[in-house]
Amino acid sequence: MSSIPLDYETLRLIWWALLGILLIGFAVMGGRDLGVGALLPFVARTDAERRVLINVVGPTWEGNQVWLVLGGGAIFAAFPPLYAVSFSGFYLAMIVILLALILRPVGFKFRGKVTDPRWRSTWDWALFIGGFVPSLIFGVAVGNVLLGAPFYLDDTLRTFYSGNFFQLLMPFALLSGLVSLGMIVLQGAAVIAGRTSGILADRARTYGTWAGLATTVLFALGGLWVAFGMDGYVITSVVDTNGAINPLGKTVELVPGGWVSNYALYPWMIIAPVLGFLGLVGGVLGLQARLHLPTLLASSLAIFGIIATAGLSLFPFLLPSSVVPDSSLTLWDASSSHLTLFIMLLATLIFLPLVVVYTAWVFRVMRGTVTTQSLEKNPNAY
């Protein structure tokens with residue numbers, strides 16, 4: 001493929017970075033909606049207060065799902081073996097996430113159709129589940145990636161998965177889920193505090209502060225667990241970063257502290273966990289100081305740092321195998337072809353900026369404080 005201006009290794013690295021950007025984009029943008037949903041029953045105590053919170057994210061939540069679609073599409077097109085193994089092996093977990101996400105549009109649309117308090121309470125709890133469950137399970141999934149998934153490949157590269165849904169709920173995976181939930185709740189609290197006023201904003205600051213502090217402790221505990229209480233995967237054979245796709249063409253071993261070896265090889269990677277901690281602390285301080293935009297930027301920085309920490313620790317692994325480590329999928333042996341990656345990159349360079357510009361425009365139009373009085377003037381409010 002001499003006509004392609006970028007070599008295979010470079011394109012693989014670009015798509016690894018783009019996949020991380022898309023996942024972080026969903027966590028930051030979709031985390032606004034998920035976090036508000038997870039806080040809905042606690043921050044809002046009356047029907048009027050819950051309407052305010054729903055309308056904080058109601059006009060923009062659909063657009064934020066673009067990042068989830070882009071992330072799934074990137075996995076499908078850029079890393080087909082990863083898509084095949086993860087979406088088939090984690091099938092039940094994916095179904096649980098999708099069912100929870102489906103509750104959100106139904107809840108937004110149906111809640112206001114009937115004035116019966118029981119009807120509205122039912123959909124309020126549906127919105128809570130739609131925010132809480134995905135936030136938790138996405139983190140559990142990342143924890144299981146670090147632990148390794150119970151799959152292996154035969155000589156024809158067919159996948160065999162030997163796990164089940166309940167095996168995903170390991171202690172470390174649950175810890176990862178709580179970290180994910182905490183950072184999303186902090187993001188939701190930052191949004192509520194910045195877009196509402198009075199008692200709603202005060203409650204959001206309280207819950208957000210506790211979420212930020214808890215996430216800081218859990219993130220530190222998770223880091224210590226990874227460094228000293230868990231074996232990590234390391235490639236022990238020579239790797240051809242420009243080679244053909246063949247996940248079985250390498251040898252992999254589990255070694256103590258394997259997941260922190262990248263930080264010794266590439267010291268600059270330490271910036272990821274540092275940014276995670278700085279974002280969490282900044283989010284808590286911003287909530288207490290009632291600084292709206294800095295708080296949201298800090299909580300978004302926390303999400304970036306936490307997810308980047310997981311991704312950089314795993315590099316170059318995409319999905320390790322706990323059953324047959326040599327079957328683990330890595331960046332170098334589970335990507336699409338050279339030409340496919342290049343064509344997709346061209347399309348991404350065109351459409352991703354359009355998504356960013358459109359999203360920025362929508363949030364500019366929808367800016368401002370949401371109050372009960374403003375909802376009474378808006379016939380299109382939920």
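The values are calculated or read from the model by the stated rules, or taken from the named source; none is laboratory data. Not measured: the values here are computed from a predicted model. All Cβ positions, even for glycine, are placed from backbone atoms using ideal geometry, and neighbour counts span all protein chains on display. Heads up: the accessible areas ignore ligands, DNA and RNA and are worked out on the full protein's heavy atoms, side chains in. Shrake-Rupley method; radii C 1.70, N 1.55, O 1.52, S 1.80 Å.
Per-residue answers, yes or no, for (1) assigned to a helix (DSSP H, G or I); (2) under 17 Å from the mean Cα position of the chain (by Cα); (3) closer than 22 Å to Arg203 by Cα; (4) modelled with pLDDT under 90:
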residue: Ala17; (1), (2), (3), (4): yes, yes, no, no
residue: Arg32; (1), (2), (3), (4): yes, yes, yes, no
residue: Gly37; (1), (2), (3), (4): yes, yes, yes, no
residue: Val52; (1), (2), (3), (4): yes, no, yes, no
*Scan Ile4, Ile14, Ile21, Ile95 and give me the residue that is out of contact with any helix residue (DSSP H, G or I) (no Cβ under 6 Å at 6 or more places or on another chain), farther than 29 Å from Leu186 by Cα, surrounded by fewer than 23 Cβ atoms within 10 Å (Cβ to Cβ) and among the β-branched types (Val, Ile, Thr).*
Ile14
*Selection count, the stretch 253-281, where residues are aliphatic (A, V, I, L, M) and within 20 Å of Glu9 (Cα to Cα)*: 2
*asked:* Considering only the stretch 322-335, I want to know if a residue exists there that is more than 22 Å from Gly63 (Cα to Cα) and under 18 Å from the mean Cα position of the chain (by Cα).
replied: no
_Among (1) open to solvent by 50 Å² or more (accessible area, probe 1.4 Å); (2) in a loop (DSSP other than H, G, I, E, B); (3) acidic (Asp, Glu), there is one condition Asp326 misses while meeting the rest; what is its number?_
(2)
_Given the criterion open to solvent by 70 Å² or more (accessible area, probe 1.4 Å) and on the phi > 0 side of the Ramachandran plot, identify the matching residue among Leu178, Leu169, Leu157._
Leu157
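Listed here are the residues, each with its yes/no results for (1) under 19 Å from the mean Cα position of the chain (by Cα); (2) modelled with pLDDT of 95 or more; (3) assigned to a strand (DSSP E or B); (4) on the phi < 0 side of the Ramachandran plot.
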residue	(1), (2), (3), (4)
Val255	no, no, yes, yes
Ile270	no, yes, no, yes
Phe277	yes, yes, no, yes
Leu285	no, yes, no, yes
*Give the residues of the stretch 272-288 that are open to solvent by less than 20 Å² (accessible area, probe 1.4 Å) and of a type in the set (Gly, Ala, Ser), sorted by residue number.*
Ala272, Gly276, Gly279, Gly283, Gly286
*Do any helices (runs of 4 or more DSSP H) entirely within the stretch 62-156 hold 2 or more residues that are within 30 Å of Phe228 (Cβ to Cβ), and if so, which?*
80-89, 117-147
